[in-house]
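The values are calculated or read from the model by the stated rules, or taken from the named source; none is laboratory data. Every value quoted in this text rests on a predicted model; they were computed, and no experiment measured them. When we count neighbours, we look across all protein chains shown, and the Cβ atoms used for this are built from the backbone with ideal geometry, even at glycine. Surface accessibility is based on the protein's heavy atoms, side chains included, excluding ligands, DNA and RNA. Shrake-Rupley method; radii C 1.70, N 1.55, O 1.52, S 1.80 Å.
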Amino acid sequence: MKILVINSGSSSIKYQLLDMDTESVMVTGLVERIGEAQGSLVNKTFPGTDKQTVTELDQPIPNHSEGLRLSIELICGGDNAVCSIKDIDAVGHRVVAGGEKFCAPVMVKDDMWPDLKETERLAPLHNPANLGGAKDAMELFPDVPHVLVFDTAFHSTIPPHAFMYALPYECYEKDNIRRYGAHGTSHKFVAGECARLIGKPAEETNIITIHLGNGASMAAVENGKCVDTSMGLTPLEGLVMGTRSGDIDPAVHNYLAVNRGMSIADIDTMLNKESGLKGLCGMNDMRDIHAAIEKGDKHAELALGVQTYRNRKYVSSYMGVLGRVDAIVFTAGIGENDAIVRQKSLEGLENFGVKIDEEVNNQRAKAPLKISADDSLVEIWVIPTNEELAIARETKSIVE
Ligand code: ADP
């Protein structure tokens, strides 16, 4: 079975074609700067193998539909075609927010669109593009099943005492304000991989998953089910991220409005785009931050300290939530690559049975790596996330 996975953003499309009989990647692609004067498309067939070919296009790409059409032309036509269009059995789409109605992946049916439209207000920056991309793909592939895989779905098992905010109840009832979380596909994938690696059934395993990329979130997974996560109504809550503040006192809004005359929209932009690591030290890439610390940059050192302290606070609170923890997993760009962040995020938790092996932690690996010390009560793992494979697996299971 061949499955095309599409992640359609506001001005970009990421895609992968996977052969699900072997779970191997046949094609990866990235369309960027859609709608701008000059767009780009990079299509790689059989990436990382000796059959790899790379095709790059630089031309105006007026809309997502055209971006997708060009991509399909490269996948299924020309010298480097990997299959014909009729060989593609299903399409899986990443959708950021599913709200309370979409708690699991679904095969798209015509009568779902009004409910899907309603989810857009929960993720106005992402869902319209995700769903618009699905509509475009359905026109190009009218005869195959299209499956929507929601980032929030894994968090739908979080109980009310963890997802409710202590606001007037009508905020939940009338306005759907609650914690939904994000990155669920990634948390689910690495929690599943971790259970397999430690040799226990997922239903008997308690895991803390830490997704540290530009966006960052943590999840507490009890007996295979998510029971808490750090992101909230939107992906702004929780950990310190590249440009997002994570947790702050909600009264900061009023304080800034009164004292600086800022509008709600300006404050929202500041918290989402000008805060986090970037706000503290002017940089949001951890590699730059470490280089700056080496040169004695105090702001960079502070940013690392604030970020890793927040991580540690969340890890220890999720240890309390779970009562017993089998494993802690680091994943995504920072989680997979940054030994210093991993070490500082778990520093001081030795008396709770969390002990990193510093030497192994400093090793670089593209595959899962156990980084806990032999006498650590909790296993600590670095597990590369693979959201495309996770979406393809979900799509396959729905289609079958
Ligand atoms: P997203 O998908 O949220 O954009 P990623 O998971 O790709 O993010 O992570 C991107 C971040 O990972 C970069 O901003 C950078 O901070 C961090 N990163 C990537 N490679 C490294 C590395 N070798 N060392 C430290 N941090 C890294």
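A few comments on the model shown:
- DSSP beta bridges in the chain [antiparallel fraction, %, rounded to 5]: 70
- Approximate shape of the stretch 2-150 as ellipsoid semi-axes (Cα gyration tensor, √5λ), whole Å, largest first: 26, 18, 13
- Only protein atoms count toward the accessible area here, which uses a 1.4 Å probe; on the stretch 236-304, the carbon and sulfur part of that area reaches 53 percent.
- Trypsin sites (Lys or Arg not before Pro) restricted to DSSP loop in the stretch 131-211 with at most 16 other C-beta within 10 Å: Lys174
- Ratio Rg/Rh, restricted to the chain and using Cα atoms, in which Rh is the Kirkwood radius: 0.97
- Ordered from highest to lowest accessible area with the whole protein assembly present and a 1.4 Å probe, Cys103, Cys83 read as Cys103, Cys83.
- Counting DSSP beta bridges with both ends in the stretch 2-150, the antiparallel % (nearest 5): 75
- Surface composition of the stretch 323-400: carbon and sulfur atoms hold 45% of the protein heavy-atom accessible area at a 1.4 Å probe.
- In loop segments of the stretch 1-78 as defined by DSSP, the trypsin sites (Lys or Arg not before Pro) with at most 14 further C-beta atoms inside 10 Å of their C-beta are Lys51.
- Whole-number accessible area per residue in Å² for the stretch 129-236, which is evaluated in the context of all protein chains at 1.4 Å: 38
- In order through the stretch 162-177: 3J(HN,Hα) via Karplus (6.51 cos²θ - 1.76 cosθ + 1.60), integer Hz, x for Gly, Pro: 9, 8, 7, 8, 7, 10, x, 4, 5, 4, 7, 5, 8, 10, 6, 7
- The stretch 253-314 pair-distance distribution - Cα-Cα, 5 Å bins, rounded %: 4, 18, 21, 18, 15, 13, 8, 2
- Net charge over other residues, Cβ less than 13 angstrom from the Cβ of Asp21 (K, R count +1; D, E count -1): -2
- Of the residues Ser8, Ser24, Gly39, the one whose Cα sits farthest toward the positive end of the charge dipole of the stretch 1-45, with +1 on the Cβ of Lys and Arg and -1 on the Cβ of Asp and Glu, is Gly39.
- Evaluating kT/(6 pi eta Rh) at 4 °C and 1.567 mPa s, with the Kirkwood radius of the stretch 200-387 over Cα pairs in the Stokes-Einstein relation, gives 75 µm² s⁻¹.
- Cα-Cα pairs of the stretch 133-183 separated by more than 18 Å (percent): 52
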